[in-house]
1. Condition check: surrounded by 14 or more Cβ atoms within 10 Å (Cβ to Cβ) and not in a loop (DSSP other than H, G, I, E, B). Does residue 69 satisfy that?
2. With respect to residue 76, is the statement that it is outside any loop (DSSP other than H, G, I, E, B) and either surrounded by 16 or more Cβ atoms within 10 Å (Cβ to Cβ) or free of Cβ contacts under 8 Å to residues at least 12 places away in the same chain (or both) true?
3. Got a sec? Which of 169, 124, 158 is within 30 Å of residue 53 (Cβ to Cβ) and either in the same structural domain as residue 80 (by TED's automatic domain parsing) or hydroxyl-bearing (Ser, Thr, Tyr) (or both)?
4. Looking at region 90-113, which of its residues are among the hydrophobic types (A, V, I, L, M, F, W, C) and out of contact with any helix residue (DSSP H, G or I) (no Cβ under 9 Å at 6 or more places or on another chain)?
5. Would you confirm whether any residue within region 130-150 is part of a loop (DSSP other than H, G, I, E, B), crowded, with 17+ Cβ neighbours inside 10 Å, among the aliphatic types (A, V, I, L, M) and in contact with a helix residue (DSSP H, G or I) (Cβ under 9 Å, 6 or more places away or on another chain)?
6. So, in region 102-124, of the ones that are out of contact with any Leu (no Cβ under 8 Å at 6 or more places or on another chain) and not in a helix (DSSP H, G or I), which residue ends up nearest to residue 85 (Cα to Cα)?
7. Among what's in region 47-63 and is small (Gly, Ala, Ser) and touching a Phe, Trp or Tyr at 6+ places or on another chain (Cβ under 8 Å), pick the residue that is surrounded by the most Cβ atoms within 10 Å (Cβ to Cβ).
8. Looking only at region 1-52, count how many residues are part of a helix (DSSP H, G or I) and either among the aliphatic types (A, V, I, L, M) or farther than 14 Å from residue 112 by Cβ (or both).
Amino acid sequence: MGAKCPVYIVLKDASIRRHLVETLRAELYHPTPFASGSDFLEALNHLPAGVALLDLHLADNWVDVLTQLLWTRKDIPVVITAENANIQTVVQVIKVGADDFLEQPFSKKMLLEVIDQASDLLASREDLQRQRARADSLLKKLTRRELEVLRLIQSNKSNEAAANELHLSVRTIETYRLRIMRKCGVTKFSDAISVVATALDGRSKL
């Protein structure tokens with residue numbers, strides 16, 4: 001059996017972190033421990049795709065940590081873990097964006113099942129991360145004015161309405177549309193909108 005994916009263990013209890021590192025390493029995962037959410041987030045941009053096991057009771061606010069993680073990295077499925085969690089907490093965890101919840105104490109079998117299931121999401125999540133990177137690259141190519149035009153046309157404004165709102169001529173709006181299409185590598189403006197919207201996973205940063 002070959003090596004498995006990285007697992008980022010973000011738990012405040014040092015003894016549990018050590019135990020999980022040993023357990024997952026024995027199963028050919030690549031565990032990396034973090035004592036706090038802030039330490040994990042600081043390292044986030046330098047980490048390969050993997051699964052995050054995140055403690056609900058970190059000193060950091062777990063919602064803030066999870067929200068920033070989900071915004072920054074689409075290619076890291078998240079499992080939240082905690083003791084004595086009620087159903088409302090589990091529902092909140094899933095609503096915020098976690099992929100699964102693992103109640104403590106848990107058996108080795110349960111741990112591996114949850115991590116295995118989360119790791120199965122990696123291929124699709126890595127594709128989303130590539131789309132996000134492409135979107136960032138595209139948006140960096142566009143000027144502020146081009147972004148304004150794209151935003152207005154995306155909201156179903158006509159060329160004339162966009163021109164009036166930006167105090168420009170219709171011909172200038174048409175020129176901006178051509179520039180945007182060229183930078184996005186498409187031949188229809190609707191495709192330019194679709195490229196950016198799809199790459200951002202349905203969320204607009206405009």
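1. Here the answer is yes, as residue 69 does meet what is asked.
2. No, not satisfied.
3. Answer to the selection: 124.
4. Selection gives 90, 91, 94, 110.
5. yes
6. 103
7. Among those that are small (Gly, Ala, Ser) and touching a Phe, Trp or Tyr at 6+ places or on another chain (Cβ under 8 Å), it is 52.
8. Residues in region 1-52 being part of a helix (DSSP H, G or I) and either among the aliphatic types (A, V, I, L, M) or farther than 14 Å from residue 112 by Cβ (or both): 19 in total.
The values are calculated or read from the model by the stated rules, or taken from the named source; none is laboratory data. Here the structure is a predicted model, which means the values were calculated and not measured. Glycine also receives a Cβ, built like all others from the backbone with ideal geometry; neighbour counts cover every protein chain displayed.
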